[in-house]
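Everything on this sheet refers to the single structure shown next.
The values are calculated or read from the model by the stated rules, or taken from the named source; none is laboratory data. Predicted model only: the values in this text are computed from it and were never measured. Cβ sites come from the backbone with ideal geometry, for glycine too, and all protein chains shown count toward neighbours.
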Amino acid sequence: MAIAIAVVVLLVATVLFHILSPWQLTPLASNWGAIDATINLTFWVTGLVLIAVNLFMAWCIVRYRYNKDRRARYEPEDKKLEAWLIGLSTLGIAALLAPGLVVWNEIVHAPDDAHEVEVVGSQWHWYFRYPGEDGTLGRSDPRLISDANPLGVDPNDPASWDDIIVATPRGYLPVDRPVRLNLRSRDVLHNFMVANFRVKMDLVPGQVTRFWITPTQVGEYDLVCAQLCGIGHFAMRGSIRVVEDEAYDAWLASKPTFGELHSREAPDLAAGQRHYANCIACHGADGQGNQMLNSPAIAGMEAWYTKRQLEYFRNGARGAHADDEHGRQMVPFAGIVADPTTERDLAAYIEQMPPVSVASTVEGNAQRGARIYRTCGACHGRDGQGLHGTNAPRLAGLDDWYQKRQLEHFQSGVRGGHSDDLYGPQMRDMSKILVNDDAMRNVLAYINTLTGHEQSRALPELAGRNN
Amino acid sequence: MAELGHDATSYAPPREQPEMELPHSHSFWTTYVFSQDAKTIAIQYSVTAISVGLLAMVLSLMIRLQLGFPNNFSLIDPSNYLQYVTMHGMIMVVYLLTALFLGGFGNYFIPLMIGARDMAFPWLNMLSFWFYFVSVLVLMASFFVPGGPTGAGWTLYPPQLISEGTPGIHGGVLVMMISLGIFIAGFTMGGLNYIVTILQYRTRGMTLMRMPLTIWGIFLATMLALLAFPALLVAALMVLLDHLAGTSFFMPAMFSMGEQLPHEGGSPLLFQHLFWFFGHPEVYIVALPAFGVVSDILATHARRNIFGYRMMVWALVAIGGLSFVVWAHHMYVSGMNPYFGFLFATTTLIIAVPTAIKVYNWVLTLWHGNIRLELPMLFAIGFIFTFINGGMSGLFLGNVTVDVPLADTYFVVGHFHMVMAVAPVMTIYAAIYHWYPKITGRMLHEGMGKVHFWVTFLGTYALFYPMHYLGLAGVPRRYFAYGESSPFIGESVETLNAFITVAAIIVAAAQLLFIYNLIRSRKHGKEAGPNPWNATTLEWQTEHTPPTHGNFGKELPVVYRWPYDYSVPGAKYDFIPQNVPPEEVEMADEGAVRT
């Protein structure tokens, strides 16, 4: 008896949960309303079957409960009843399948006027490539991928030169224009999932996968990876901004083409040294830093990272938070070197400065820290040397007091919380694995033992990245 | 049923066996450790499988703790989170469910239910268990190799399986593949044995269409496993070659962690096809025995014949056959040729028809039954409820268009835990409560069993049903944490995750009560007698309880009827065992019972 009541109660709870649940489909932002319709149809059909069969079962349990004076009905089969049930089930299945296949047929056939955009996944970032004025994406080859050519675009294909490469994980799409997304992966499997678009697809190394949508709502949508791709899977975030045509064109025009990136001149180190005069007062003549002034050592800092941070200080993604008093000091100086050539030369100069040895100021258990660092090392390198491929700067040879403050800032959202800090959210999620002060001290103690900054570093080509 | 009359088969083994030829064990070692008695081997399989399953349950709690209360546990970081996810899945699917249903239930029930003295090849049977045991030990070793077990997910997809950025790419992967290899070798020995035994060792009168559905389920599942596991073995071997010998079966040219890898030309999709060619039938390797077991338990406790036996057998055959042509529904968004979607959505939804028939026939067995709500029956009803729910969400995921937004989200996690975790586990419990009296001679404690049932039934529903809605809202799976960086995953998700975790902890605690009940009742349970449920199948008709080595003593039973002669009109009792000849059926006094 109790079980029959339980079945009925669970059915009621199931239906109520379905109706009252705040966890429903995200607001639709693409043309795939038909997918939502098939989902709703499936809810109706399966919901009715679920209720009907279970209610019948509950009724049977009550109606035919044990009675020692009664016998069950001996009835090996009832062909007619079974035939009816098979027929009805087949009909129900067909009612679900047919619309599904019709919509699928639309999903697999992109309209002829769809424009093309390429999305490339990498552990644990997103890249975008737009075809430029010729409307054609240049040839690409995974063998051509390097830090300077992150998408492996073939410079020998004339169609490549006007391609626009976006190395930040925020892509733009024009509203109301059908787009065919060509997906590639540099390394492992990933999956392009924007819940609001409904359609998703894996990114598979060694092949190009595709799907098409028409974005219908202006707005910014989370792009997440939906295929387990390693330690950083959960932090592989990006976003897609759907904008009006004019905003789209303006954004594209602000981005350098593949050709422009490749024809950039080599940086002028002498000029860089002159610009460095602005930095000496705080960071020291050898880039050794000064803890009294809260200025970290910067000698040998990767040029791509320096440029990214300078830009963040300028656009408010860093140093603008009320609780970031030391960051605020940096803002005017970033403004002084805003000119792209100045910034390029300065960053190159800092990069070639030999890293200094820093004193350790944080005490912790390095052995315990080593375990925690396994996660950090996935992006920052096993020796803390930093990996351009994962957009993760060097940690070895950085001041531990500075790292500690930054980690605390990431944890509290003082750093990485700004919508233009596209790499910050990842580090915010990651910084949370340090569940207490001890964990942070231990990992910093371990980082202090790392020697990645002493490795002979072949200076990467300076052109090629616009982050 | 007239058409199921006595029909002695000519190939059956001799009915009588001289006492001296019965197998006898002589020492502790050959009785309890290197035993060749299928029943002992069954218990060895079951105890090993349940033990390793408990470990996998602990791993699932680690996963849930992190998801429910993120960033509180210094022992759980993104690496070992993925390692727990991987080991939990692999252990539960292969080392618990497959081993328990086929190695455990198969060994115990096949000889007893078909009226055989033992398996066709007892020594091979023993070897099969020890291979399984070693494969479990090797798997456990992966927790102790440098870098720990692989964290690539139980689906083991390359390239991530063997490239930097995934935990356990060195020792862990190697150990996992070796363990799977040993498991498959061991299973092949056992599986061939089950098939030969069922085909050749049935007693006189036990025609195929008089076999209990439990045996049909195990028989067909074994066939599936023998055909499916080689695909996994091949895939595992090839991926190991890619890893260790630098071949490129599955590895294309890649730029990983700032470096070009020396691979070229391999196809990650090829692995997925091989994996799911195994992986989908694997679902039915677990489900078909569960279907069979539940059918027999329903019939016994509803005191009614299973409704539509013939249709039930053919549905099992159809599901088994179709299960080999639906695998790519796991790959709708994998980047395979999208035209496959049409084919695989169609085959997948077709498989829903025979599955629906099974559900109808279970419920129709209750209809006009005389239902005794004993513990096995409660679990069987719990199975039906859970399985219907899981089947319904399967209709979402099998239909390619509907699957696309839901793939790789918590909807999938909710679905397969309903249909592949809770449903079979409900069956396992139903079976243990049902057959424990035969295996030990004692009943399990009823009160503890009820607590166990209610907590498990309600708890697992509270645990897995809401997950579907997380998936609907687009929450992706296999995430260590959801953080604040994705506004579309709102704070309410955190609340729900905490609720699910609490439910999981309560459910897990109830399983410990069950284990205690198992151990306690072995000595202190109520005496069961030979046939406490008044069941018809042969295992309840043995001379001894528990049955001795050789099962039936000197004389094998002869079968005269199908296994579902419950409440036969006119008979004195509401069940007639399979080995009762028509002339010995006791008839009731006129008008003594009403139907």
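Quick notes on this structure:
- Matching entry among B:PHE250, B:PHE255 (being outside the structural domain of B:ASP565 (by TED's automatic domain parsing), without any contact (Cβ under 8 Å) to a residue 40 or more places away in the chain and over 30 Å from B:ALA290 (Cβ atoms)): B:PHE255
- Residue among A:GLY386, A:GLY413 that alone is surrounded by fewer than 17 Cβ atoms within 10 Å (Cβ to Cβ), in the same structural domain as A:ASP323 (by TED's automatic domain parsing) and on the phi > 0 side of the Ramachandran plot: A:GLY413
- When residues of the stretch A:416-444 are limited to those that are touching a Phe, Trp or Tyr at 6+ places or on another chain (Cβ under 9 Å) and of a type in the set (Lys, Arg), the one nearest to A:TRP126 (Cα to Cα): A:ARG428
- Residue under evaluation A:GLY47, criteria (1) at the interface with chain B (Cβ under 7 Å from one of its Cβ atoms); (2) in contact with a His (Cβ under 9 Å, 6 or more places away or on another chain); (3) surrounded by fewer than 19 Cβ atoms within 10 Å (Cβ to Cβ), criterion not met: (1)
- Note on the stretch A:233-246: residues that are more than 7 Å from chain B (Cβ to nearest Cβ) and part of a strand (DSSP E or B) total 6.
- Qualifying residue in the stretch A:221-242 (condition: under 30 Å from B:PRO78 (Cβ atoms), in contact (Cβ under 8 Å) with a residue 24 or more places away in the chain and in the same structural domain as A:GLY384 (by TED's automatic domain parsing)): no
- Enumerated helices (runs of 4 or more DSSP H) restricted to the stretch A:332-440, each holding at least 3 residues that are within 30 Å of A:PRO142 (Cα to Cα): A:340-352, A:366-380, A:424-431
- The selection criterion, being touching a residue at least 40 places away in the same chain (Cβ under 8 Å) and either among the β-branched types (Val, Ile, Thr) or buried (at least 24 other Cβ atoms within 10 Å of the Cβ) (or both), holds for B:PHE271.
- The single residue among A:LEU55, A:LEU101, A:LEU96, A:LEU41 that is without any contact (Cβ under 8 Å) to a residue 40 or more places away in the chain and either surrounded by 15 or more Cβ atoms within 10 Å (Cβ to Cβ) or more than 8 Å from chain B (Cβ to nearest Cβ) (or both) turns out to be A:LEU101.
- Residue check, A:GLY230 small (Gly, Ala, Ser) and either modelled with pLDDT of 90 or more or assigned to a strand (DSSP E or B) (or both): yes
- Test: B:VAL558 is more than 14 Å from chain A (Cβ to nearest Cβ), over 25 Å from B:ILE50 (Cα atoms), at pLDDT 90 or above and over 29 Å from the mean Cα position of the chain (by Cα): yes
- The stretch B:199-236, residues that are farther than 30 Å from B:PRO158 by Cα, in contact with a Ser or Thr (Cβ under 8 Å, 6 or more places away or on another chain) and not small (Gly, Ala, Ser): B:ARG202, B:ARG204, B:MET206, B:THR207, B:PRO212, B:LEU213, B:THR214
- Residue list for the stretch B:74-89, filter: more than 16 Å from B:ILE169 (Cα to Cα) and more than 7 Å from chain A (Cβ to nearest Cβ): B:LEU75, B:ILE76, B:HIS88, B:GLY89
- Here B:GLY550 fulfils each of the conditions (1) in a loop (DSSP other than H, G, I, E, B); (2) on the phi < 0 side of the Ramachandran plot apart from (2).
- Residue within the stretch A:62-81 that is modelled with pLDDT of 95 or more, touching a Ser or Thr at 6+ places or on another chain (Cβ under 8 Å) and within 10 Å of chain B (Cβ to nearest Cβ) present: no
- Filter result for the condition that a residue is at the interface with chain A (Cβ under 7 Å from one of its Cβ atoms), touching a Gly at 6+ places or on another chain (Cβ under 9 Å) and aliphatic (A, V, I, L, M), over B:MET420, B:MET392: B:MET392
- Given (1) under 23 Å from the mean Cα position of the chain (by Cα); (2) crowded, with 23+ Cβ neighbours inside 10 Å; (3) farther than 30 Å from A:ALA34 by Cα, number of the condition B:GLY398 does not satisfy: (3)
- Residues of the stretch B:318-359 classified as in contact (Cβ under 8 Å) with a residue 40 or more places away in the chain and at the interface with chain A (Cβ under 7 Å from one of its Cβ atoms), total: 9
- Checking each residue of the stretch B:101-112 against the condition of being on the phi < 0 side of the Ramachandran plot, touching a Ser or Thr at 6+ places or on another chain (Cβ under 8 Å) and surrounded by fewer than 23 Cβ atoms within 10 Å (Cβ to Cβ) gives no match.
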